[in-house]
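The values are calculated or read from the model by the stated rules, or taken from the named source; none is laboratory data. Since this is a predicted model, take the numbers as computed values, not measurements. Ideal geometry is used to build each Cβ from the backbone, glycine not excepted, and the neighbour counts take in all protein chains shown. Just the protein is used for accessible areas: all its heavy atoms, side chains included, with ligands, DNA and RNA removed. Shrake-Rupley method; radii C 1.70, N 1.55, O 1.52, S 1.80 Å.
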2 protein chains.
Amino acid sequence: MQHPSPTRYDKIIALLSNRQPDLTVFMDEVHKPHNLAAIVRTSDAIGIGHVHAVFPPDVKFSGHHTASGSKRWVTTHKHPDLKTGITEVKKQGMQVLAAHFSDKAVDFRSIDYTKPTCILVGSELVGVSDEAADLADEHVIIPMVGMVQSLNVSVATALILYEAQRQRAEANMYGELKVPQEEVDYILFNALHP
Amino acid sequence: MQHPSPTRYDKIIALLSNRQPDLTVFMDEVHKPHNLAAIVRTSDAIGIGHVHAVFPPDVKFSGHHTASGSKRWVTTHKHPDLKTGITEVKKQGMQVLAAHFSDKAVDFRSIDYTKPTCILVGSELVGVSDEAADLADEHVIIPMVGMVQSLNVSVATALILYEAQRQRAEANMYGELKVPQEEVDYILFNALHP
Ligand SMILES: C[S@@+](CC[C@H](N)C(=O)[O-])C[C@H]1O[C@@H](n2cnc3c(N)ncnc32)[C@H](O)[C@@H]1O
Ligand SMILES: C[S@@+](CC[C@H](N)C(=O)[O-])C[C@H]1O[C@@H](n2cnc3c(N)ncnc32)[C@H](O)[C@@H]1O
C-alpha cells in the first residue's frame, strides 16, 4: 500500500507535537565535536528541542560534526558559567540530575523522568565538576560490570534520555502539542520560508 | 565504613563472573575510531568479552581511541567477510538481530535478549548492508520522533545492549561464571603475570 508522502508542513507539525519542552540536557564542558554532535542528535530523536551547555574557554561550538542536520532543529543554549545556566534551568521547574559517580548516586532507572527533568553530564576527561555535582538535585549512575571506569559521554547521555523516552511514551506524553505557540510559529516560518 | 580494596585477582574474578558469553556485537564496516572505541567500551561495561567485525579494506583497527583500556579486556574478532563472520556467530547458537530500518523491523524493546544474541550494526554512512540484512534473523529499530534519520551507531548499539543488560539483570543472568575455564585461566594468567 502506498501512502502519500507527508508534506513538509505535516512533518514539522508531527515533530512539534512530540516535543518535550520539560526535558533537557546540560553539558558541563563536554567538548569533543563528535560527542556534542551525538548528544544533540539523540536529543532530537527523543523530542528535545533545547539543550544547554557551558564550554571550556578554548572551545568554539559549531555542532556540524555528524549531527546529521539535527543542529537545525535543536537549539544549544550556551551559558557563561555553570551557576547561571543551572539556575535558569531550575527556574523552569526542572529537577537537575547529574550523571555522576558519587556515594549518593542512584540507579538511573529508578528515577521518575515524567517530571520536568534536566540531565547534566560531565566532560570527557574530568566528568561532572564539583560545582555541578553540588548544584544537582540527585546523582544517577548507569550500572557497569566491566573493567572500564566510565562510558562514553554521548552513550551515557543517550541511555538516560531513552529511559526518559520509555517512561514518557508509557505515560502517553508524546503526540500532544506542548511547545509554546510563539515557538511553533517561529519554527514553521523558518522551515517553510527558507 | 572502609572496605579493604579488592585485590586484582578478586576484581578479575568478579569481572569474569559477570561475563555473558552468549551476547555479542557484530560491526558491519563501522570504521570511525571513536565509534569503534565507544562500542567496545560499552560492551565491556555490560559484560561482553568478544565482539565481531568486518572492516572496509582501507581500515586498520587499532582500537586505542578512548576505549579507556577496554580493548585489553574485549577481544575484537576480525572476519574476512560478512558471510564467514555471521556463519561463525550463528554456529554458536546466537539469534542475529540487525539494527536496521526496514519494513520488517520491530521495536528493539520487544525482543527477548536473554536468548543467545548477536546485535549487528551498520556503518556510519550506508548502514547495514543488504547482505547483512538478509543474513539476520530479525531487524530491530529504536524509535525516533525528531527530524534526524538515524542515531549515531555507538549510541544505537549502546541502547540495544543496555536493554539486553536490563533483561539479563532481571533474569539473574549476572554473577555466575559462564566463561569457559580455559579462557578464565588465560585471562588470569595474562592479568596477574604481565
Ligand atoms: C567519560 S565520563 C567522565 C569520566 C571521569 N573520569 C569521571 O570519573 O567522572 C563523561 C561523563 O559521562 C557520564 N557517564 C559516563 N559513564 C557513566 C555512568 N556509568 N553512569 C553515569 N554517568 C556516566 C558522566 O556524566 C560523566 O561525567
Ligand atoms: C548512522 S546509522 C546508518 C545510517 C544510514 N544512512 C542508514 O540509512 O542505515 C549507523 C547504524 O546505526 C544503527 N542505528 C542508528 N539509528 C538506529 C535506530 N534508530 N534504530 C536501529 N538502529 C539504528 C544501525 O545499525 C545503522 O546501520
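Scanning region B:27-59 for residues that are without any contact (Cβ under 8 Å) to a residue 40 or more places away in the chain, of a type in the set (Asp, Glu) and in contact with a Gly (Cβ under 6 Å, 6 or more places away or on another chain) returns a single hit, B:Asp44. Taken over region B:184-194, residues that are in contact (Cβ under 8 Å) with a residue 60 or more places away in the chain and open to solvent by 30 Å² or more (accessible area, probe 1.4 Å) amount to 1. Per the listing B:Val74, B:Val121, B:Val89, the residue uniquely touching a strand residue (DSSP E or B) at 6+ places or on another chain (Cβ under 8 Å), over 28 Å from A:Ile39 (Cα atoms), β-branched (Val, Ile, Thr) and open to solvent by less than 10 Å² (accessible area, probe 1.4 Å) is B:Val89.
For region A:44-58, does any single residue satisfy the condition of being open to solvent by 60 Å² or more (accessible area, probe 1.4 Å) and either closer than 20 Å to A:Val155 by Cα or within 14 Å of chain B (Cβ to nearest Cβ) (or both)? Yes.
The listed residues are A:Met94, A:Met144, and the only one of them that is modelled with pLDDT of 95 or more, touching a Pro at 6+ places or on another chain (Cβ under 7 Å) and hydrophobic (A, V, I, L, M, F, W, C) turns out to be A:Met94.
Filtering region B:145-171 to residues that are away from ligand 2 (no atom under 16 Å from the Cβ) and surrounded by fewer than 21 Cβ atoms within 10 Å (Cβ to Cβ) leaves B:Arg166, B:Gln167, B:Arg168, B:Ala169, B:Glu170, B:Ala171. Of the listed requirements (1) at pLDDT 95 or above; (2) surrounded by fewer than 19 Cβ atoms within 10 Å (Cβ to Cβ); (3) away from ligand 1 (no atom under 16 Å from the Cβ); (4) closer than 15 Å to B:Pro21 by Cβ, B:Val106 misses just one: (4).
Of the residues making up region B:37-59, those that are within 11 Å of the chain's Cα centre (by Cα) and within 21 Å of B:Glu131 (Cα to Cα) are B:Val51, B:His52, B:Ala53. Of all residues in region B:105-128, those that are more than 9 Å from ligand 2 (Cβ to nearest atom) and either hydrophobic (A, V, I, L, M, F, W, C) or more than 14 Å from chain A (Cβ to nearest Cβ) (or both) total 9.
Within region A:126-144, if we keep just the residues that are more than 10 Å from ligand 1 (Cβ to nearest atom) and aliphatic (A, V, I, L, M), the residue that is most open to solvent (accessible area, probe 1.4 Å) turns out to be A:Leu135. If you check B:Asp10 against the conditions, is it in a loop (DSSP other than H, G, I, E, B) and open to solvent by 10 Å² or more (accessible area, probe 1.4 Å)? When the stated conditions are applied, B:Asp10 does not pass them. When A:Tyr174 is tested against the conditions (1) away from ligand 1 (no atom under 16 Å from the Cβ); (2) over 29 Å from A:Arg8 (Cβ atoms); (3) open to solvent by less than 70 Å² (accessible area, probe 1.4 Å); (4) not acidic (Asp, Glu), the lone failure is (2). Close contacts from region B:165-179, counting a first residue that is under 9 Å from B:Gly47 (Cβ atoms) and at the interface with chain A (Cβ under 10 Å from one of its Cβ atoms) and a second that is part of a helix (DSSP H, G or I) and open to solvent by less than 50 Å² (accessible area, probe 1.4 Å), with Cβ to Cβ under 7 Å and a gap of 6+ residues or different chains, come to B:Tyr174/B:Arg168.
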